[in-house]
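Report on the following structure.
Computed from the coordinates by the stated procedures, all read-outs in this text should not be read as laboratory data. Quick caveat: nothing in here was measured; it's all calculated off a predicted structure. No Cβ is skipped: glycine too gets one built from the backbone with ideal geometry, and neighbour counts run over all protein chains shown.
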Amino acid sequence: MVLLAQLSDTHFNMGARNVERAERVMAFLAELPQRPDVIIVTGDIADEGDVEEYQQARAALTADLPVLILPGNHDDRANMRSVLFPGSAGTAPINQSYSVNGVTLALLDSSIPGKPEGLLEDETYEFLTDLLAAAPADEVVLIAMHHPPVPVQSTVVDPIRLTNPERLAEIVAGDDRIAAVLTGHVHAGLMTQFAGKPLIVAPSVSSTIGCEWETAAPGHVPIDFAPDPSLIFHSIVDGRLLSMFRPIAMGGWLSEPAD
Ligand SMILES: [Fe+2]
């Protein structure tokens with residue numbers, strides 16, 4: 001089994017609250033009897049993209065296993081690189097890959113500097129194409145990025161979703177090794193389909209945003225700061241993906257319900 005933990009939208013903003021939530025999630029993962037092989041964080045690491053926020057992120061998102069972080073629309077590539085990717089200055093897309101026991105993660109940068117919507121640049125598509133060309137025939141491939149490539153009935157993020165999903169749809173539909181696309185951005189946990197494959201959106205560690213049916217009027221943002229942070233476990237057993245949504249109680253662990 002390969003076990004992946006997906007966190008998203010931590011929005012470090014120099015306040016104590018979001019740090020505490022991220023630290024609680026990381027502590028939960030650190031104490032698991034069976035540890036994940038890798039942790040990914042699918043964007044909006046920082047709230048404003050400031051260097052100090054990435055310093056907060058670097059301190060909170062630490063583990064003794066790989067933690068892979070990709071950018072979202074709130075992130076700043078240059079500042080993110082300077083703190084979280086030392087030695088890789090600049091504003092080029094932050095694309096990464098990670099392979100473990102027959103599973104390859106393609107972590108793509110869907111951010112557009114200075115804009116909230118998403119785009120996969122030609123350079124990013126070439127990165128993905130090259131990665132797939134080099135991957136074994138029986139590999140399980142998961143594509144992770146920040147922006148969902150289709151509308152998800154969110155009045156908040158649908159207008160700022162991925163703007164050029166056509167080429168990605170061709171790649172995903174045409175490669176049996178690609179098991180799913182994983183994103184963040186929505187601040188709600190959901191599953192739908194993209195190019196005939198599961199599209200799995202992780203909830204946010206920092207807040208929850210209601211979808212279309214919670215929106216009272218155009219422009220209303222039904223954001224709820226009360227729910228606990230949540231993550232998704234993705235396990236791959238015999239080539240089959242299972243994704244489990246796991247809220248992490250800020251109030252602590254109750255081994256048995258109180259009377
Ligand atoms: Fe976000």
For this session: Starting from the Cα of ALA216, step 7 Å along the direction of its Cβ; do the same at GLU170; then give the gap between the two resulting points in nm.
Result: 4.6 nm
Exercise. If the viscosity is 1.306 mPa s and the temperature 10 °C, what Stokes-Einstein diffusion coefficient in µm²/s follows for the range 45-94 when Rh is the Kirkwood radius over Cα pairs?
Worked result: 145 µm²/s
Problem set entry | Distance (nanometres) between label positions extended 7 Å along Cα→Cβ at MET1 and PHE233 | 0.6 nm
Exercise. Which value at 222 nm does the chain reach when only helices count, each DSSP H run of 4 or more adding -39,500 (n - 2.57), with the total divided by all residues and rounded to the nearest 500 deg cm²/dmol?
Worked result: -6500 deg cm²/dmol
Seminar exercise, completed: Expected max-MSF residue from ASP75, ASP50, ASP176 in the GNM of the chain (alpha carbon, under 10 Å) is ASP176
Exercise. With charges set only on the Cβ (+1 for Lys and Arg, -1 for Asp and Glu), what does the dipole of the chain come to about its Cα centre, in debye to the nearest 20?
Worked result: 220 debye
Exercise. Given H placed on each backbone N at 1.01 Å, which residues far from ARG161 in sequence or on other chains put an amide H within less than 5 Å of it?
Worked result: GLY118
For this session: Choose one of TYR98, GLY15, ASN164: the residue whose Cα lies farthest towards the positive end of the charge dipole of the chain (beta-carbon charges +1 Lys, Arg; -1 Asp, Glu; about the Cα centre).
Result: TYR98
For this session: Take ASP122, project a point 7 Å from its Cα along the Cβ direction, then tell me which residues of the range 83-109 have their backbone nitrogen under 15 Å from it.
Result: 93
Seminar exercise, completed: Rounded to two decimals, the Debye log10 I(q)/I(0) of the range 2-247 (Cα scatterers, no solvent) at q = 0.13, 0.14, 0.16 Å⁻¹ is -0.75, -0.88, -1.18
For this session: For LEU70, list long-range residues whose amide hydrogen, built 1.01 Å from N in the peptide plane, is under 5 Å from its own amide hydrogen.
Result: VAL41, GLY43
